[in-house]
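J.: Can you keep this structure in mind? I'll have questions shortly.
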């Protein structure tokens, strides 16, 4: 773990004759993951290549700032496929969709661009594989989350969703010796561990994926909070309220005994939170843009937190390629095609 002072972050405060003891611990990695970058790029490139309107089913990623920014460029966000006019172009969000949604798109002759995160697609493939092998499936996650809705749709007849250990105890499986589990990609590591342990106790022969379904970005951001929370009096997580992985970061901090709050931006900070606080750790969920983090840091500087240290817990250099629909579209318009915007 390395710590470096960030002199490059704009300082909105006046010069001080002596350094302030108050500090900001800016966690790294934070913010956009590879799947989010890919999804946002897909919408931007589609708008630049095909022109508005481009329809997007659900929020492309769970962040209001990002959604509003793309809407201003011409993206039209809808809740269900039925809201998209026949024959129009639609983008699936990073959280994935069920086969039923794909069939509806086909019947409406929609031009589909799939922005599903490859790590979510991995879980879908596992669900199909286990179902074909005759397993009953236990899907660990939050029932109202878009990702769970999509994964559940792959094998709804054999899949049950559990959100906590108590629900594991209530499970009824036709063949307890032939059951498998999968998880939502944005769960708390601790929460998932406890539920998986309960499943293994109840179903000793249960099987799971070859590698964990919780994505690298969710894990890395939680590990970063876990490594720094003990140094902080307060943890601020930048992210929207419907962002699962952002909420999990707040939970990690609170479970370690450090006060944590989820905030959309600097305007959501209650000045009372800073009373008696010396060290504030700042991070961001995987769908929160860096511009919002910079706003929070500048707000803290204006409130006496003059020293900013970036604390890198581990490097993160994952990138995902664009889907074939976008690659082909770029190729069809030649060298004038836009490049992905970061």
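What follows is calculated from the coordinates using simple rules that are stated; it is not laboratory data. The structure presented is a predicted model; accordingly, all values stated were derived computationally and were not measured. Quick reminder, even Gly has a Cβ in these numbers, built from the backbone with ideal geometry, and neighbours come from all protein chains shown.
J.: What shape does segment 119-202 have by the C-alpha gyration tensor, where a ≥ b ≥ c are the square roots of the eigenvalues, rounded means a/c under 1.5, and otherwise prolate means a/b greater than b/c and oblate the rest?
T.: Working: a/c = 1.61, a/b = 1.04, b/c = 1.55.
Taking the square roots of the gyration eigenvalues as a ≥ b ≥ c, segment 119-202 is oblate.
J.: Can you tell me the relative contact order of segment 119-202? Whole percent, Cα pairs under 8 Å, sequence separation 6 or more.
T.: Working: 103 pairs, mean separation 30.7, N = 84.
Here the relative contact order equals 37 percent.
J.: Report the relative contact order of the chain, percent, no decimals, based on alpha-carbon pairs under 8 angstrom and at least 6 residues apart. Present the calculation step by step, with values, prior to reporting the outcome.
T.: Values: 667 pairs, mean separation 99.4, N = 342.
RCO, the chain: 29 percent.
J.: If you don't mind, there's one more thing I want to ask. Sort 315-323, 147-155, 249-257, 68-76 for me by packing, meaning the mean count of neighbouring Cβ atoms within 10 Å per residue, highest on top. Write down the numbers at each step before the final one.
T.: Working: 315-323: 12.9, 147-155: 22.7, 249-257: 19.0, 68-76: 14.9.
Descending packing order for the listed peptides: 147-155, 249-257, 68-76, 315-323.
J.: Follow-up question, since we're still on this one. Starting from the Cα gyration tensor of segment 209-342, take the square roots of the eigenvalues, sort them a ≥ b ≥ c, and report rounded, prolate or oblate (rounded when a/c is under 1.5, otherwise prolate if a/b is larger than b/c, else oblate).
T.: Details: a/c = 2.61, a/b = 1.72, b/c = 1.52.
Prolate shape, in that a/c is at least 1.5 and a/b is the bigger ratio.
J.: Also, I was wondering about something else. Which value in nm describes the separation of the simple spin-label points at residue 121 and residue 98, placed 7 Å from the Cα toward the beta carbon?
T.: Distance between label points: 2.2 nm.
J.: Going by Cα centres, segment 77-127 and segment 211-243 are how many Å apart?
T.: That distance is 29 Å.
J.: Based on the mean of other Cβ atoms within 10 Å per residue, sort peptides 234-246, 111-123 so the most packed one is first. Each step should come with its number before you reach the end.
T.: Details: 234-246: 24.4, 111-123: 20.8.
In descending order of packing, they fall as 234-246, 111-123.
J.: Want the number for residue 178 to residue 52: 0.36 nm per residue separation, take away the alpha-carbon distance, what's left? Before the final figure, lay out the partial values.
T.: Working: separation 126, 0.36 × 126 = 45.36 nm, distance 4.90 nm.
Length gained between residue 178 and residue 52: 40.5 nm.
J.: Cα gyration tensor of the chain, axes a ≥ b ≥ c as square roots of the eigenvalues: rounded (a/c below 1.5), prolate (a/b > b/c) or oblate? Let's see the in-between values first.
T.: On the way: a/c = 2.34, a/b = 1.24, b/c = 1.88.
Judged from the Cα gyration tensor, the chain comes out oblate (a/c at least 1.5, b/c at or above a/b).
J.: With contacts defined as alpha carbon pairs under 8 Å and 6 or more residues apart, what's the relative contact order of segment 206-298 in percent?
T.: Numbers: 135 pairs, mean separation 31.4, N = 93.
Relative contact order comes out at 34 percent.
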